[in-house]
Amino acid sequence: MATIDLLRSIPMFAGLSDDDLSALSAAVVAREFKAGKMIFALGDSGDAMYIVDRGDVNIHLPGQNSQRISLKDVSRGEYFGELALFDQKPRSASAVATSDTQLLELQHDTLANYLQRRPAAAMAILRTMSERLRETNELLSARAAKNVDAEFDKNLSWSDRLADQVAELNGSWAFILFLLLLTAAWCTVNVVDVLPKPLDPYPFQFFNLALAILVGLQGPLIVMSQNRQSLKDRARAETDYKVNLKNEVNIETLMRELAEFRNESRGVSIHQDDRRGTTADATEG
């Protein structure tokens, strides 16, 4: 994929003109990373964003006992580290290449000079940045847990509810017993001389036709219900992932703050011990 086409596929630069993209493509620098190579670590000074031209990158938080908390997998055509372009603050997460990767690096100073020459391009970039920040805020500050079943039930149409009821009925003993009783009653009425003229004499062609129509309608309705159940299961899995991710991030933050508090307490304790020792020496002297 050409550099200009790659930049055009990124939402952050989607509003730029061809001339702007051409100027920006000349400013980026290609960098190679082997599989397992750390691109940057949590706390490193940030001054560049990266665009994946080839390979895969994992964004994560360092965890206890060398276990990392995976936040996102970034593949070809995606980007990461864009916050460093604007605030140049330490990295809020770590990034490692999970396969042989080629990245396009855009430095802060390079982008600053670019925007000074082309101020019209700044609005498109800032608009995309606002959307990314809003998504992150919704993930970390809002409640991640939600009732997936209730959310799905709000948007069900009458046809969806009918399909679910048919699928639920077909999987019950009530439907089996009803069908057996109906078959026995139909055969009895049309074989025994209950009526002057049987409605459907043996071999019960009308009844067979009705059963065939019933089976033909049941299949699509059951498949519709199963497909919707698959979507519901996928939504449950996504909700569970968000809840687990938020919990892991919060636990890791608490552990880090607890470690800092212990270090501060230990430092204060050592300082007090030193002061007591100095006072005792002065008294003895």
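Bear in mind that the values in this text are calculations on the coordinates, not laboratory data. Quantities reported herein were computed from a predicted structural model and do not represent experimental measurements. No Cβ is skipped: glycine too gets one built from the backbone with ideal geometry, and neighbour counts run over all protein chains shown.
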* Asked: How much FRET efficiency would the formula 1/(1 + (r/R0)^6) give for LEU156 and SER265, where r is the Cβ-Cβ distance and R0 is 51 Å, rounded to 0.05?
  -> 0.35
* Estimated FRET transfer efficiency when R0 is 45 angstrom, pair ASP5-LEU169 (beta carbons, to 0.05) -> 0.25
* **Alpha-carbon Debye profile of segment 148-268, log10 I(q)/I(0) at 0.14, 0.23 Å⁻¹** => -0.81, -1.23
* Asked: For labels at LEU182 and LEU258 in the simple 7 Å Cα→Cβ model, what's the distance in nm?
  -> 6.2 nm
* Asked: What spacing in nm lies between the two simple spin-label points modelled at VAL249 and ARG31, each 7 Å away from Cα in the Cβ direction?
  -> 2.4 nm
* Structure fact -> Karplus ³J(HN,Hα) for segment 45-55 (6.51 cos²θ - 1.76 cosθ + 1.60, θ = phi - 60°; Hz, whole; x = Gly/Pro) runs 5, x, 8, 7, 10, 10, 10, 7, 8, 7, x
* For segment 2-93, the fraction of alpha-carbon pairs in successive 10 Å shells from zero, as % -> 15, 44, 32, 8, 1
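Kindly put LYS34, LYS246, LYS197 in sequence by how many other C-beta atoms sit within 10 Å of each C-beta, fewest to most. Working shown, then result.
On the way: LYS34 10, LYS246 17, LYS197 7.
Ordered from fewest to most neighbouring Cβ atoms within 10 Å, LYS34, LYS246, LYS197 come out as LYS197, LYS34, LYS246.
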* Asked: Which of LYS37/LYS72; LYS34/LYS72; LYS72/LYS154; LYS72/LYS242 have a Cα-Cα distance over 22 Å?
  -> LYS72/LYS154
* Asked: Once amide H atoms are placed 1.01 Å from N in the peptide plane, what residues at a sequence separation of 5 or more from ILE39, or on another chain, have their amide H within under 5 Å of its amide H?
  -> ALA95, VAL96, ALA97
